[in-house]
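Remarks on the structure that follows.
The values are calculated or read from the model by the stated rules, or taken from the named source; none is laboratory data. The structure displayed is predicted, hence computed values, not measured ones. In this analysis, Cβ positions are derived from the backbone assuming ideal geometry, glycine residues included, and neighbour counts consider all displayed protein chains.
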Amino acid sequence: MTTLIINIKELLQVRETAKAKVSGAEMAILSTIKNAFLVIEDNLIADFGAMENLPPIHADKTIDATGKMVLPSWCDSHTHIVYAGNREQEFVDRINGLTYEEIANRGGGILNSAKKLNETTEEEIYQQSRARLEEVMRLGTGAVEIKSGYGLTVDGELKILRVIQRLAQNYPITIKATFLGAHAFPLEYKENHKGYIDLIINEMLPEITKNKLADFIDVFCETGYYSVEETQQIMEAGIQFGLKPKIHVNQFNSIGGIQAGIKYNALSVDHLEVMKPVDIEALKNTETMPVALPSCSYFLSIPYTPAREMIAAGLPLALATDYNPGSTPSGNMNFVVATACIKMKMTPEEAINAATINGAYAMGISKTHGSITIGKKANLIITKPIPSYYQIPYAFGSNLIDTVLIEGEIIS
Ligand SMILES: [Zn+2]
């Protein structure tokens, strides 16, 4: 099956050689081809170039993209989309003056989601999550990482990871699974952290690896959640079970989580709303990708990740949604890209790099995703006719997506 896209107004994020990530000043460079074509063979990008160099091709299907942009689909490296029910009541509570921490302290927050999840059947959770996944695919996401963490029991965590596995089997979108049993402490272990960490290490991890249910291990390293020492202990156990760490750090406090993540060679450190100069310094010359989640900052009215300082220090940066029922009930990467430009002062080029190639790196898939490169997956966004790609962040409330292709197939 050969699909040919012709008359592309501008083909974005073209990379002749596969590059794993872009950092610092490189992030401002988005290589493009104006008036371009692109050839898809089965599920892969087979060729691309300027229209005047279009070779004679027998295509099974031709898409005319006159006036439209084509770019690699978004790589959303941080979500929690497998959950049960919603927390709109807490949203209203916050409007009425309660803080995220106050809601958590009275049994709301993550524990509220965990209660609902444990009471909901696996089939019902699958159905709810499937609808969210289909929505983000239509919004242009072609690869997504999904975390557990709303079970906080052996059965609940395994249930979520099996739902993630079933989604990965049934949908063409690339899905990476992360075990986040250390998302919070269940109420019965509030005074017995060791008891719950033992449960994670001795009961959850062996079952998860036996059934190949996760690629990564995650911990919410934060005051009131997991200490740096506890985070290290869990990362170490995860590594022994073959899971690479990707951790939640520096959302509300800078307590040394970034340094711990680097020590255990974490693939990514995510959130980073509160960054001290030592945190930025620690990330220099490491293989760890910093990930910002601006929709979470927006929804909770907390600081945004200081992208300008981090990029000026030569660091890479990825952007992801954090789609979850409590702090970010949105999986819209277009909004993330726009918010990164509007609130974090990232340029459109930096934001697109952060949401494609660097997002792919943060999931360990930059060899196959995140750029227009021959041999990579034909996961593409075709925009509506727009004057320039600046429109993508500029027209922040508009849906500018015309067509999404995943594995070379149009998603309807
Ligand atoms: Zn998260």
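Figures for the structure shown
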{"quantity": "Single unsatisfied condition, ILE200 versus (1) part of a helix (DSSP H, G or I); (2) surrounded by fewer than 22 Cβ atoms within 10 Å (Cβ to Cβ); (3) more than 16 Å from the ligand (Cβ to nearest atom)", "calculated": "(2)"}
{"quantity": "All positions within region 290-328 that are aromatic (Phe, Trp, Tyr) and within 14 Å of the ligand (Cβ to nearest atom)", "calculated": "PHE299, TYR323"}
{"quantity": "Top-ranked residue in region 129-153 [being among the hydrophobic types (A, V, I, L, M, F, W, C) and under 29 Å from GLU188 (Cβ atoms); ranked as nearest to the ligand (Cβ to nearest atom)]", "calculated": "ILE146"}
{"quantity": "Given (1) in a loop (DSSP other than H, G, I, E, B); (2) under 19 Å from the mean Cα position of the chain (by Cα), index of the condition ILE392 fails", "calculated": "(1)"}
{"quantity": "Qualifying residue in region 17-27 (condition: exposed (fewer than 15 other Cβ atoms within 10 Å of the Cβ), more than 26 Å from the chain's Cα centre (by Cα) and not charged (D, E, K, R))", "calculated": "no"}
{"quantity": "Any hit, region 141-160, residues being out of contact with any strand residue (DSSP E or B) (no Cβ under 9 Å at 6 or more places or on another chain), among the charged types (D, E, K, R) and more than 18 Å from GLY326 (Cβ to Cβ)", "calculated": "yes"}
{"quantity": "Output for region 59-101, where each listed residue is part of a loop (DSSP other than H, G, I, E, B), closer than 30 Å to PHE216 by Cα and in contact with a Ser or Thr (Cβ under 8 Å, 6 or more places away or on another chain)", "calculated": "SER73, ILE81, VAL82, TYR83, ALA84, GLY85, ARG87"}
{"quantity": "Residues of region 26-49 classified as closer than 18 Å to HIS369 by Cβ, in a strand (DSSP E or B) and without any contact (Cβ under 8 Å) to a residue 24 or more places away in the chain, total", "calculated": "0"}
{"quantity": "Leading residue by the ranking (nearest to GLU203 (Cα to Cα)) among those in region 238-281 that are without any contact (Cβ under 8 Å) to a residue 60 or more places away in the chain and charged (D, E, K, R)", "calculated": "LYS263"}
{"quantity": "Residue in region 154-168 that is touching a His at 6+ places or on another chain (Cβ under 8 Å), within 25 Å of VAL228 (Cα to Cα), within 16 Å of the ligand (Cβ to nearest atom) and in the same structural domain as GLU119 (by TED's automatic domain parsing) present", "calculated": "no"}
{"quantity": "Filtered residue count, region 271-310, keeping only those that are in a loop (DSSP other than H, G, I, E, B) and among the β-branched types (Val, Ile, Thr)", "calculated": "5"}
{"quantity": "Verdict on VAL337 being within 12 Å of the ligand (Cβ to nearest atom), farther than 24 Å from LEU98 by Cα, among the hydrophobic types (A, V, I, L, M, F, W, C) and touching a helix residue (DSSP H, G or I) at 6+ places or on another chain (Cβ under 9 Å)", "calculated": "no"}
{"quantity": "Search result, residues across region 224-249 that are over 23 Å from LYS176 (Cα atoms) and within 16 Å of the ligand (Cβ to nearest atom)", "calculated": "GLY224, TYR225, TYR226"}
{"quantity": "Qualifying residues in region 248-266 (those that are closer than 17 Å to ALA362 by Cβ and of a type in the set (Val, Ile, Thr)) - the one surrounded by the fewest Cβ atoms within 10 Å (Cβ to Cβ)", "calculated": "ILE262"}
{"quantity": "Unique residue being in contact with a helix residue (DSSP H, G or I) (Cβ under 6 Å, 6 or more places away or on another chain) and within 19 Å of LEU243 (Cα to Cα) when the list is GLY149, GLY156, GLY181, GLY195", "calculated": "GLY181"}
{"quantity": "Matching entry among LYS284, LYS367 (being away from the ligand (no atom under 13 Å from the Cβ), among the charged types (D, E, K, R) and touching a residue at least 60 places away in the same chain (Cβ under 8 Å))", "calculated": "LYS367"}
{"quantity": "Of residues in region 5-37 being among the charged types (D, E, K, R) and modelled with pLDDT of 95 or more, the one nearest to ASP64 (Cα to Cα)", "calculated": "LYS9"}
{"quantity": "Residues of region 239-265 that turn out to be in contact with a Phe, Trp or Tyr (Cβ under 9 Å, 6 or more places away or on another chain) and aliphatic (A, V, I, L, M), as a count", "calculated": "4"}
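Every residue, every condition in (1) surrounded by 13 or more Cβ atoms within 10 Å (Cβ to Cβ); (2) within 16 Å of the ligand (Cβ to nearest atom); (3) modelled with pLDDT of 90 or more; (4) within 30 Å of TYR361 (Cβ to Cβ), yes or no:
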residue: GLY49; (1), (2), (3), (4): yes, no, yes, yes
residue: LEU54; (1), (2), (3), (4): yes, no, yes, no
residue: ALA59; (1), (2), (3), (4): yes, no, yes, no
residue: ASP64; (1), (2), (3), (4): no, no, yes, no
residue: ASP76; (1), (2), (3), (4): yes, yes, yes, yes
residue: SER113; (1), (2), (3), (4): yes, yes, no, yes
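Let's see how each residue does on (1) aliphatic (A, V, I, L, M); (2) without any contact (Cβ under 8 Å) to a residue 60 or more places away in the chain; (3) assigned by TED's automatic domain parsing to the domain that holds GLY224:
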{"residue": "THR79", "(1), (2), (3)": "no, no, yes"}
{"residue": "ALA84", "(1), (2), (3)": "yes, no, yes"}
{"residue": "ILE103", "(1), (2), (3)": "yes, yes, yes"}
{"residue": "ASN118", "(1), (2), (3)": "no, yes, yes"}
{"residue": "GLU123", "(1), (2), (3)": "no, yes, yes"}
{"residue": "GLN127", "(1), (2), (3)": "no, yes, yes"}
{"residue": "LEU139", "(1), (2), (3)": "yes, no, yes"}
